[in-house]
Amino acid sequence: MQIKTLLDEAIDAWSDARQGVIAEARNIPPIAFGYRPAKECHHAQIALYARMQGRTPALTRLIEGG
C-alpha cells in the first residue's frame, strides 16, 4: 500500500475540484455565460449566491435584515 504525501493529497483534491467545476460548467447553457448584472446589482448578486450556497450565515443575516 502506497502512502500519499501531503502534496499528493493536495493534487488529488485539486483535480477532483477541477473536474467538479468542469462538470458544472457543462450544465450551464452557453447563453448564460454572457450574463452580466447591472453595476448596482453586482454586490447583491454575490451576496445572494453566497447565501444560496449555505456557507455564509453572516451574509444570510445581512440579506434578511437580521
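Quick note: the coordinates plus some simple rules give every number you see, no bench work behind them. Note that this is a predicted model, so its numbers are computed, not measured.
General remarks:
- In order along the range 3-19, phi translates into HN-Hα couplings of 8, 7, 7, 4, 5, 4, 5, 5, 5, 4, 5, 4, 5, 4, 5, 4, 4 Hz, rounded to whole numbers, per the Karplus curve 6.51 cos²θ - 1.76 cosθ + 1.60 with θ = phi - 60° and x for Gly and Pro.
- On full extension, the segment bounded by R36 and S15 gains 4.7 nm, given 0.36 nm per residue less the C-alpha separation.
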